[in-house]
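Since every read-out is calculated from the coordinates, none of them should be taken as a lab result. What you see is a predicted model; the values in this text were computed from it and never measured. Every residue, glycine as well, gets a Cβ built from its backbone with ideal geometry; the counts of neighbours run over all protein chains shown.
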Amino acid sequence: MFPILNILAALPCRLIAAGVLAAVLFAGGRQFGANRVAAKWDAEKVATAQAVAKQVEHVAAVTVQQSTINQEITNEFQKAKAAISADRQHLLARVPQRVRIEPADYSGAMSAVAGVAAGVDAAAADPVPAAGREKVAEDTAQTTLMVVAFQRWYREQRYANANP
C-alpha cells in the first residue's frame, strides 16, 4: 500500500489525534486572526473615509467664508470708490472750466515706447502739472482704499484661520 499508511499504523492513535487536533487549532486560529485583522482594517478604512469627508467639508466651508469676505470687501471698496468719485465730480463741478486744463488727447495711459530724452530739464518747484495733480490724487485715494481693503481682508482671514 501507501508508505504513509504504514507509518501511521506504527504510530499510536493518541499521537495522530494530537497532530490532527493541533492542525485544526492552527487552521482555526489562523482564520480567527485573519478575521480580526480584516475587521480592524475595515474599521480603519471607515475612519479614514470619515476624516477625509470632514476635511473636505471644512475646506468647502472655508472657501465659502473666504468668498463671502472677498465679496464684502469688494462691495465696500466699490462703494468707497463711488463715493470718492462722486465727491471728485462734485468738486470739479464747482471749479470754473477755465481753471481746468486737460489736453484733448489725454488718455491717462503712458505710451508704449518712450522717446529718447534730449537732456535734463530744469526742475520746477512743483513738477506735477495742475491737470496731473487731480489724477495723482484720485490714484492715491484708490490705492489707499485698496490697501485698507486688503488689510481688512487679511485680518478677517487671520481670524477665520485662528477660529475654524
Sequence neighbours fewer than 8 away in the same chain don't count; with that in mind, list the lysines whose C-alpha is under 30 Å from Lys79. Lys135
How do 52-59, 65-72 rank on mean C-beta neighbours within 10 Å, highest first? 65-72, 52-59
Reach of Lys45 by Cα under 17 Å, taken over lysines that are not fewer than 8 positions away in the same chain: Lys54
